[in-house]
Amino acid sequence: EEPESDNVLMKKHEVVHTHGRYLRKFIDAARANGATPIICSMPPHKVWDEKGRLVRETNYINWTRDVAQQRKIGFINLNEIVAARYDALGHDKVMTLFPAEEHDHTNLAGAELVASYVVAGLKLLKPNPLAPYFSNQAAGVAAADPASLAAPVSSAL
């Protein structure tokens, strides 16, 4: 049974569905319209643990991965790709990628960097339905090899 609540912003009563249900609905609608769905997990928040590493999200990533597997579509673990790359960049450099008081959303430089990580994740998909459409800039981005995620990244910031 899905929980119900009063949405104070919209001023209406609504049923709140699970994350997985919304994802499955999105995937089914995309397929019904001839699209090839691919799901990215959310990138990490700007939260550091006591060892100086970025904190990884688990619940939403696992739920997203499960839906991708159930629906047999591509999944990009953007949370881990970005977190590993941020760990390699280090706290001080990563802090420059976010507005001072923001903990979720990056500035333009951070958005461009995360976009390159999306491309790196897309390059892991086999088969890769988007490969023919990569721009020249995207063609120069290396795949996000899970074995080398913690390797230093270029300083093209």
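Some notes on this structure:
- Between the beta carbons of Lys126 and Ala88, assuming R0 = 25 Å, the FRET efficiency works out to 0.50 to the nearest 0.05.
- Matching label, Kirkwood radius over Cα pairs in Å computed from the structure shown, candidates [x] 17.4; [y] 16.2; [z] 18.1: [x]
- Spin-label model, Ala32/Gln70: points 7 Å from Cα along the beta carbon direction are separated by 1.7 nm.
- Ligands, DNA and RNA left out, the 1.4 Å accessible surface of the range 16-114 is 53% carbon and sulfur atoms.
- Three-way shape label, the range 8-94, alpha-carbon gyration tensor, a/c 1.5: oblate
- Mean Cα-pair separation over length for the chain, i.e. relative contact order, pairs under 8 Å, 6 or more apart, %: 19 percent
- Under 13 Å, Cβ to Cβ, from Asp104 - net charge with Lys/Arg +1 and Asp/Glu -1: -2
- Using just its DSSP H runs of length 4 or more, each adding -39500 (n - 2.57), the chain gives a mean residue ellipticity at 222 nm of -12000 deg cm²/dmol after division by all residues.
- By the equivalent-ellipsoid construction on the alpha carbon gyration tensor, the range 52-104 comes out with semi-axes of 27, 11, 9 Å, ordered largest to smallest.
- When both bridge partners sit in the range 1-142, DSSP labels roughly 60% of those beta bridges antiparallel.
- Inter-site label distance for Asn136 and His19 at 7 Å from Cα along Cβ, in nm: 4.0 nm
The values are calculated or read from the model by the stated rules, or taken from the named source; none is laboratory data. All values reported here derive from a predicted model rather than from experimental measurement. Using ideal geometry, Cβ is built from the backbone for each residue, glycine included, and neighbour counts are taken over all protein chains shown. Ligands, DNA and RNA are excluded from the accessible area calculation, which covers all protein heavy atoms including side chains. Shrake-Rupley method; radii C 1.70, N 1.55, O 1.52, S 1.80 Å.
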